[in-house]
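In what follows, a structure is listed as structure tokens, so that the remarks can point back to it.
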């Protein structure tokens, strides 16, 4: 088997199925990554969404029998919405991060990788492959970095010379011994704009992230948002792009190569109040195709309530009072109580005083007390 010729054919085929960049890496253990992951674990910086077994994350041979190489792929996604809807008083809007615009990228990338697998199996008898996107054992970024897709930026994103950091990543382990590509040289230099702009200080140092402080992580949690972060998330209902939008390497970057990635303006920047009234079924119909829906409606609704408080949107007070009085979920009731205090007004205060007497859940009552404290 002429793997050099096959590699050329794979690259050519990848372009025909809409893969924007492809690279090849050795399947050797990621020893440097292992030390970083151990340190992250010791510091308590992990989000909890990752694969728990560090050995599986850094050693391809533990998840694939006799790996010979890893193929990394990248797809560029849009960074701008054409004719974005504007929020205004009485009709405030939230925003989903760019990685959640359009169809769920897990679905898009898995489809591309599946076609690539079929191509290899057709070309090579006995070819074996294992593909993964985001939720697999391996680190997408570590593989992409080794395969020359881009360098690992100080903002913990892979930054490509062509598409900036606005790329989705995926990889495939295979038993075909492709020649590895050369990693891209780090081009961040002395720039530290991403570290300085992070709203919560989650970027502890260059390339080191405390995931538990990252707004992207916080918007995906289901419990009460800690007080120190409530004033930081603004109108974000899912994810955060601050460390990407500030990056000089992303200046002027906006690619619209894939129709399925195109943002639906009303979904990417939705009106906040209607989100609060969605049933589970309606939420799935409205947002189910987006990556940002994976945790269900509860985190999105909680974040929408906090966003309305951020705007001090007085027109939302009746809806927040309804939630405070009727919603069966303590976290949502409590967050509404806090938001009513933040927005203020006599109607909100009266509702909070009444709710304090009625609320049986201690944590929800505590949030109501925090709302009342705004009136002191």
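How many of the residues in region 7-26 are closer than 20 Å to residue 176 by Cα and either touching a residue at least 40 places away in the same chain (Cβ under 8 Å) or not in a helix (DSSP H, G or I) (or both)?
Final tally of qualifying residues: 12.
Having 2 or more residues that are more than 29 Å from residue 135 (Cα to Cα) is the bar; report the helices (runs of 4 or more DSSP H) wholly within region 255-357 that clear it.
Numbers: elements: 265-268, 272-276, 280-287, 297-311, 317-326, 330-343.
Result: 272-276, 297-311, 317-326, 330-343.
Could you check, for region 91-109, whether at least one of its residues is touching a residue at least 12 places away in the same chain (Cβ under 8 Å), crowded, with 17+ Cβ neighbours inside 10 Å, within 19 Å of residue 24 (Cβ to Cβ) and assigned by TED's automatic domain parsing to the domain that holds residue 8?
Yes, the conditions are met somewhere in region 91-109.
For the subset of region 350-376 comprising residues that are modelled with pLDDT of 95 or more and over 19 Å from residue 326 (Cβ atoms), which member is surrounded by the most Cβ atoms within 10 Å (Cβ to Cβ)?
Within region 350-376, the match that is surrounded by the most Cβ atoms within 10 Å (Cβ to Cβ) is 372.
Would you check which residues across region 120-135 are buried (at least 18 other Cβ atoms within 10 Å of the Cβ) and not in a loop (DSSP other than H, G, I, E, B) and list them?
120, 129, 130, 131, 132
With the condition kept exactly as written, say whether any residue in region 112-120 is without any contact (Cβ under 8 Å) to a residue 12 or more places away in the chain and within 18 Å of the chain's Cα centre (by Cα). Before you say what the answer is, go through the steps one by one.
In the first step, residues of region 112-120 are kept if they are without any contact (Cβ under 8 Å) to a residue 12 or more places away in the chain; the result is 118.
Next, only the ones that are within 18 Å of the chain's Cα centre (by Cα) stay: none.
Checked against the condition, which is being without any contact (Cβ under 8 Å) to a residue 12 or more places away in the chain and within 18 Å of the chain's Cα centre (by Cα), region 112-120 yields no hits at all.
The rows are residues; the columns are (1) at pLDDT 95 or above; (2) in contact with a strand residue (DSSP E or B) (Cβ under 9 Å, 6 or more places away or on another chain); (3) crowded, with 19+ Cβ neighbours inside 10 Å.
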| position | (1), (2), (3) |
| --- | --- |
| 258 | yes, yes, yes |
| 274 | yes, no, no |
| 280 | yes, no, no |
| 285 | yes, no, no |
| 296 | yes, no, no |
| 303 | yes, yes, yes |
| 308 | yes, no, yes |
| 318 | yes, no, no |
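What do you reckon, is residue 189 out of contact with any strand residue (DSSP E or B) (no Cβ under 8 Å at 6 or more places or on another chain), at pLDDT 95 or above, over 30 Å from residue 262 (Cβ atoms) and outside the structural domain of residue 53 (by TED's automatic domain parsing)?
On the way: out of contact with any strand residue (DSSP E or B) (no Cβ under 8 Å at 6 or more places or on another chain): yes; at pLDDT 95 or above: yes; over 30 Å from residue 262 (Cβ atoms): yes; outside the structural domain of residue 53 (by TED's automatic domain parsing): yes.
The answer is yes for residue 189.
Could you list all residues from region 4-52 that are exposed (fewer than 13 other Cβ atoms within 10 Å of the Cβ) and under 27 Å from residue 209 (Cβ atoms)? Walk me through it before giving the result.
Of region 4-52, the ones exposed (fewer than 13 other Cβ atoms within 10 Å of the Cβ) are 4-5, 8, 12, 15-16, 31-32, 35, 38-39, 42-44, 48-49, 52.
Within region 4-52, 31, 32, 35, 38, 39, 42, 43, 44, 48, 49, 52 qualify.
The values are calculated or read from the model by the stated rules, or taken from the named source; none is laboratory data. What you are looking at is a predicted structure, and each value in this text was computed from that prediction instead of being measured. No Cβ is skipped: glycine too gets one built from the backbone with ideal geometry, and neighbour counts run over all protein chains shown.
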